[in-house]
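One structure is given below, encoded as structure tokens.
What follows draws every value from the coordinates through simple rules; no lab data is involved. All values derive from a computational prediction rather than experimental measurement. FYI the Cβ positions are ideal-geometry reconstructions off the backbone, even for glycines, and counts take in every protein chain you see.
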Amino acid sequence: MHRRSLLKYMSMCSAGAAFSLSYPSLEAAIASQGENEWGYGQEDGPQLWGELSPDFSVCQMGQQQSPIDLRGAIATELAEPEITYREIPLKILNNGHTIQVNTEWGNRLILDGQDFELLQFHFHHPSEHMRESQIYAMELHFVHRNAKGEFAVLGVLLQEGKENETLQSIWDVIPTEAGEEQTIDKVKINIAQLLPAQRTTYRYFGSLTTPPCSELVYWVIFEQPIEISKQQVEQFAQIFPWNARPIQSLNRRFLLKSL
């Protein structure tokens with residue numbers, strides 16, 4: 001697929017999402033989450049999200065949902081994402097669904113000429129996306145937003161291996177109970193160290209993987225995983241034994257992979 005076709009395709013997906021959805025901003029999505037209880041169990045899990053609230057109907061009815069199995073991708077020339085991350089103070093919280101680190105202004109992603117600001121990053125156990133039907137130990141999502149209220153999420157797969165020193169500085173102060181944001185003054189995080197060295201990526205248009213499942217997300221998943229130790233995975237799993245949405249159908253979308 002040529003780059004011009006890709007941009008046309010992405011533009012059409014974005015226009016469709018803006019027309020069909022009622023959550024143009026992160027604030028609205030967060031507000032909805034707070035008003036309606038959901039989780040990953042038998043009584044409030046992904047299989048029931050669409051029935052828990054009318055606000056969550058896209059979780060059940062949407063045709064561009066995430067995550068997906070990264071297989072059958074179309075290889076094409078794609079501009080490498082321009083990522084400008086800097087060291088930040090650690091602002092961490094357990095929001096009841098995951099461990100989230102909030103970021104400060106100035107961490108940017110430029111994707112196909114669009115400028116996105118990094119808002120936060122968080123973790124899923126096990127991975128939400130699969131690669132060629134392979135599931136990974138965990139997945140890390142960097143959530144960005146542009147001026148139009150659209151999201152771009154960088155996804156990093158985490159595989160078991162050696163201890164990840166950057167993650168360990170987060171794990172050392174990880175909150176085990178849900179609560180408000182905590183600022184750990186003595187800890188600084190170099191976000192760029194949580195990205196893989198190789199920048200081959202998968203691209204597709206999809207949704208938030210949590211309610212309200214809004215279909216306004218440009219997904220960029222790195223092919224190369226980063227490593228995390230078994231002990232680090234187990235520590236996270238003690239807090240969140242399972243916080244991953246099942247694989248969704250690709251339907252009529254294109255899955256692209258950079259050359």
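Dividing the summed helix terms, -39500 (n - 2.57) for each DSSP H run of n ≥ 4, by the number of residues in the chain produces a 222 nm estimate of -6000 deg cm²/dmol to the nearest 500. Take every pair of alpha-carbon atoms less than 8 Å apart whose residues are at least six positions apart; their mean separation over the length of the chain yields a relative contact order of 27 percent.
Under the 0.36 nm per residue contour assumption, what length would be gained going from the current alpha-carbon distance of E177 and Q134 to full extension?
Working: separation 43, 0.36 × 43 = 15.48 nm, distance 3.05 nm.
Length difference between fully extended and current span is 12.4 nm.
Coupling constants for the range 183-194 follow from the phi torsions by the Karplus curve (6.51 cos²θ - 1.76 cosθ + 1.60, θ = phi - 60°), and in residue order they are 9, 9, 4, 7, 10, 10, 10, 8, 4, 4, 6, 9 Hz; glycine and proline get x.
Using 0.36 nm times the number of residues separating K230 and A197, minus their current alpha carbon distance, what extension gain do you get? Roughly 9.7 nm would be gained on extension. Pairs of lysines in the chain whose Cα atoms sit within less than 27 Å of one another amount to 13, provided the residues are eight or more positions apart or on different chains.
At an R0 of 35 angstrom, the distance between the Cβ atoms of N251 and E163 translates into a FRET efficiency of 0.35. Computed from the C-beta positions of Q238 and E37 and an R0 of 25 Å, the FRET efficiency is 0.65 to the nearest 0.05.
DSSP beta bridges confined to the range 3-258 are antiparallel in about 75 percent of cases.
What fraction, in whole percent, of alpha-carbon pairs in the chain exceed 25 Å separation?
Values: 13674 of 33411 pairs.
Percent of Cα pairs beyond 25 Å in the chain: 41.
Listed peptides 154-164, 101-111 appear in the order 154-164, 101-111 once ranked by packing, highest mean of other Cβ atoms within 10 Å at the front.
Can you bin the range 120-224 into rounded, prolate or oblate? Criterion: square roots of the alpha carbon gyration tensor eigenvalues sorted a ≥ b ≥ c, rounded for a/c under 1.5, prolate for a/b above b/c, oblate for the rest. In terms of gyration-tensor shape, oblate.
Please state the relative contact order of the range 155-233 as a whole percent: Cα pairs under 8 Å, 6+ residues apart?
Details: 103 pairs, mean separation 39.8, N = 79.
Taking the mean separation of contacting Cα pairs over the length of the range 155-233, I get 50 percent.
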